[in-house]
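Structure record follows, encoded as structure tokens.
The values are calculated or read from the model by the stated rules, or taken from the named source; none is laboratory data. Computed from a predicted model, the values in this text were never measured in an experiment. So basically every Cβ, Gly included, is an ideal-geometry build from the backbone, and we count neighbours across all protein chains shown. Surface areas here come from the heavy atoms of the whole protein model, side chains and all, with no ligands, DNA or RNA. Shrake-Rupley method; radii C 1.70, N 1.55, O 1.52, S 1.80 Å.
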Amino acid sequence: MNQAPGYYRYKIGDMVLTAINDGFARRPLEGFVRNAELAEVKAAMAQAFLPADALNITFTTLAIQSGGKLILIDTGNGDSGAPTSGTWLANFRAAGFDPKDVSTVVFSHFHGDHINGFRLKDGTAVFPNAEVMVPAAEWAFWMDDAKMNAAPEAMKGAFGGVRRVFGPVSKDVKQFEAGKEILPGITAIAAPGHTPGHTTFALSSGTARMMVMSDTTNHPALFARNPDWSAVFDMDGPQAAATRRRLLDMVSADKMQVAFYHAPFPATGYIAKSGNGFELVPVQWTTSI
Ligand SMILES: [Zn+2]
């Protein structure tokens, strides 16, 4: 049976944000958290009333309407993900958007679930008129042939995927440094560990602020509650954990609204301290923006 289209709008100052869902991928719990016992992970799942055998990892990107522009942060799985993903384009269109109208695509990092929506398997560019902005540190890592050749066999596919997506536009890609305002009201914040150039984005409009947390955590019920846990996707576990604590501390102290790529839809709320970690408190659904 179908659900309502997976998009949800909210405002940060004058910016209109639209969360756009790209379905989910089922991930067995065995081996998912590198530095916790399976029993502990199952206990955390039970505490959050989630299943004991597998986690449905959801994908939620953001479209930002600001200053007459349509900006995307990340693009979902396209037609390269799990069969339960790939709903992004239908949801994007249901929200009233056309891929031709996207002016800028900003990427948080280069994992497939964030970049593959930019280019279909047959090579089609999904956003033909968009300028492409990527973290310089991420580009430097994934486009380095020496790093690709030295990577373990299991990681070579990820390097190949980055080249598949960005190869045809590599001359036009704009690289940005962390710590800079990359577009009006959008500042890139270095958040390394998940990947070498993993980036979060501080949005600012008038007095309103928000942090796009990208993959600072995978599902918050596991990794906001247990910030020192490391998902297998964290390329440098200890660095990712340090980044996670720093950012979660900051947004909870500042009471900043946050968005996470892998939080339950619409993947936005606030971070409260809880025990030795944190929890995501969802915003209340509203028809008034
Ligand atoms: Zn991800």
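Odds and ends about this structure:
- Debye intensity ratio in log₁₀ form over the Cα atoms of region 202-289, taken at each q of 0.12, 0.25 Å⁻¹: -0.34, -1.32
- Excluding the site residues themselves, the longest part of the chain lacking any chymotrypsin sites (Phe, Trp or Tyr not before Pro) in a DSSP loop with at most 14 other Cβ atoms within 10 Å is 50-284.
- Every Cα-Cα pair in region 25-82 was counted, and those over 13 Å apart are 70% of them.
- Here each label is just a point 7 Å from Cα along the line to Cβ, and for Ala208 and Asn35 those points are 3.7 nm apart.
- Per residue, the solvent-accessible area of the chain (1.4 Å probe, heavy atoms of protein chains only, all protein chains present) comes to 44 Å².
- Region 1-89: GluC sites (Glu not before Pro) in DSSP loop, at most 13 other beta carbons within 10 Å: Glu30, Glu37
- Cα gyration tensor, region 1-151 - rounded (a/c under 1.5), prolate or oblate: oblate
- Measuring against 24 Å, Cα to Cα, the residue pairs Lys180/Lys273; Lys180/Lys255; Lys147/Lys180 contain Lys180/Lys273; Lys147/Lys180 as the ones spanning a longer distance.
- Shown here for region 105-209: trypsin sites (Lys or Arg not before Pro) in loop regions (DSSP other than H, G, I, E, B) with at most 15 other Cβ atoms within 10 Å, namely Lys121, Lys171, Lys180.
- Considering only Cα atoms, the convex hull volume of region 167-251 works out to 115 Å³ per residue.
- Between Ala242 and Val283, the simple label model (points 7 Å from Cα in the Cβ direction) yields a spacing of 3.3 nm.
- Contour excess over end-to-end distance, with Cα ends at Lys121 and Glu153 and 0.36 nm allotted per residue: 9.4 nm
- Efficiency of FRET from Cβ geometry, Ser170 and Ala46, R₀ 45 Å, rounded to 0.05: 0.45
- Carbon and sulfur %, accessible surface of the chain computed with the full protein complex present, 1.4 Å: 54 percent
- Here is the list for region 1-67: trypsin sites (Lys or Arg not before Pro) lying in DSSP coil, each with at most 15 other C-beta atoms within 10 angstrom of its C-beta, are Arg34.
- Considering all different alpha carbon pairs of region 73-191, the Kirkwood hydrodynamic radius works out to 15.0 Å.
- Debye intensity ratio in log₁₀ form over the Cα atoms of region 104-260, taken at each q of 0.14, 0.17, 0.18, 0.19 Å⁻¹: -0.73, -1.05, -1.15, -1.26
- Helical mean residue ellipticity (222 nm; -39500 (n - 2.57) per DSSP H run of 4+; nearest 500) of the chain: -6500 deg cm²/dmol
- Net charge over other residues, Cβ less than 14 angstrom from the Cβ of Glu138 (K, R count +1; D, E count -1): -2
- All aspartates and glutamates inside 18 Å of Lys42 as judged from Cα atoms, apart from same-chain residues fewer than 8 positions distant: Glu30, Asp53, Asp228, Glu279
- Once the Cα-Cα distance is subtracted from the 0.36 nm per residue extended length, the Asn2 to Lys273 segment shows a gain of 93.9 nm.
- log10 of Debye I(q)/I(0), alpha-carbon scatterers only, for the chain at 0.10 Å⁻¹: -0.49
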